[in-house]
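The block underneath contains the structure these notes are about, expressed in C-alpha cells.
The values are calculated or read from the model by the stated rules, or taken from the named source; none is laboratory data. This structure is a prediction, so every number in the text was calculated from the model and none was measured. Virtual Cβ from ideal backbone geometry, glycine too; neighbours counted across all protein chains shown.
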Amino acid sequence: MILRTLLITALAALTVTSCSSLPTSGGGPSGYLAGLGVSSPATTGFTNPAEAASFWDGDSIQGSPSIRINLSKQRAYFYKDSHLVGVSPISTGNDEHATPPGTFKVTQKNEDHESSLYGVIKDLATGQVVNADADTRLHKPGPGQEFVHAPMPYFLRFNGGIGMHAGFLPGYPASHGCVRMPRQMAQKYFEHATVGTPVMVE
C-alpha cells in the first residue's frame, strides 16, 4: 500500500510538468477524426508522450467513486473513498469553449456516444475530410458531402452537454468544453464510475 501510494504520488508529480510545452502531433487539435477512417491517437495508440503518463490501480480496490478534474494541471484524478487510484492527462475546453468549474455528478453513461453539434464534413466520393472542425449550427454539407458526428467513446456526462470521453490530447486545452482523455483511461473511468458519481472541476 505504501509503495502504491508513493508510485501514484511520483507519477502525479511527473505528469504535472510533462505536458506544459509539448508539440501537437498527428490529427490536429480538432481531434474529430477518430473512427472516421482517418488515423487518430484515440484509436491507434499514444502519439503524444503526455498521453502515456497515466496510472490506474483501481480494479481491486473497493469504495465510492469520485472524480476531480484540475484545469490548470490538465489532469483528472479518480478516487475510491479517500484512495487515489487513477491519474490521467486530459484536454479540457479551449479559450472559446471553457470547461466550467464547479461540483457536479455523472448523469449519463454512453459507451458509443456521438456529439450532437460537432464533427467533420466528408466528401462522399473520395472519403476526404473537407472540414475537420464542423459545427451543425454553422456548417452544412454541400452536394456530395456528409456530416459525420464526432465519436465520443466512453462518455460520462456531468454538466449539461459536457462530459468526459476518449479523444485526442495535443498537450493543452483544445476541446469544445468536454474533457478528453486517452482511450485506455477513458475506458477505466467509464467502467468504474456510476451515475451519481461526484465530479469536481477546479
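Tally up the residues in segment 157-174 that are of a type outside the set (A, V, I, L, M), part of a loop (DSSP other than H, G, I, E, B) and within 20 Å of PRO89 (Cα to Cα), please. Talk me through it step by step, then tell me what you get.
The first filter runs over segment 157-174 and keeps only residues of a type outside the set (A, V, I, L, M), leaving 157-161, 163, 165, 167-168, 170-173.
Now restrict to residues that are part of a loop (DSSP other than H, G, I, E, B): 160-161, 167-168, 170-173.
Within this subset, residues satisfying the condition of being within 20 Å of PRO89 (Cα to Cα) are 167-168, 170-173.
Residues flagged as of a type outside the set (A, V, I, L, M), part of a loop (DSSP other than H, G, I, E, B) and within 20 Å of PRO89 (Cα to Cα) within segment 157-174 amount to 6.
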| task | Give segment 68-98 a look and list any residue that's under 15 Å from PRO182 (Cβ atoms) and in contact with a Phe, Trp or Tyr (Cβ under 9 Å, 6 or more places away or on another chain), or say none. | result | ILE69, GLN74, ALA76, PHE78, GLY86, VAL87, SER88, SER91
| field | Which numbered condition ALA186 fails, given (1) buried (at least 17 other Cβ atoms within 10 Å of the Cβ); (2) assigned to a strand (DSSP E or B) | value | (2)
| task | Considering every residue within segment 75-84, establish whether at least one is in contact with a Lys or Arg (Cβ under 8 Å, 6 or more places away or on another chain) and closer than 20 Å to TYR172 by Cα. | result | yes
| remark: For segment 128-146, pairs from a residue that is closer than 19 Å to HIS176 by Cβ and of a type outside the set (Phe, Trp, Tyr) to a residue that is assigned to a loop (DSSP other than H, G, I, E, B) and at pLDDT below 85, with Cβ under 6 Å and 6 or more apart or across chains, are ASN131/HIS139; ALA132/SER30; ASP133/SER30
| note | Flagged pairs (Cβ under 8 angstrom, 6 or more apart or on separate chains; first in segment 147-172, at pLDDT below 90; second acidic (Asp, Glu) and part of a strand (DSSP E or B)) are HIS149/GLU114; ALA150/GLU114; PRO151/ASP112; PRO151/GLU114; MET152/GLU114
| task | Would you kindly identify the strands (runs of 3 or more DSSP E) lying entirely within segment 48-146 that contain at least 1 residues that are more than 14 Å from TYR189 (Cα to Cα) and either among the aliphatic types (A, V, I, L, M) or within 18 Å of the chain's Cα centre (by Cα) (or both)? | result | 65-70, 102-105, 108-123, 129-135
| note | Scanning segment 95-132 residue by residue, those buried (at least 18 other Cβ atoms within 10 Å of the Cβ) and not aromatic (Phe, Trp, Tyr) turn out to be THR99, VAL106, HIS113, SER115, GLY119, VAL120, ILE121, LYS122, VAL129, ASN131, ALA132
| said: For the list (1) part of a loop (DSSP other than H, G, I, E, B); (2) within 20 Å of GLN74 (Cβ to Cβ); (3) not acidic (Asp, Glu), I need the number of the one condition that TYR154 fails. | reply: (1)
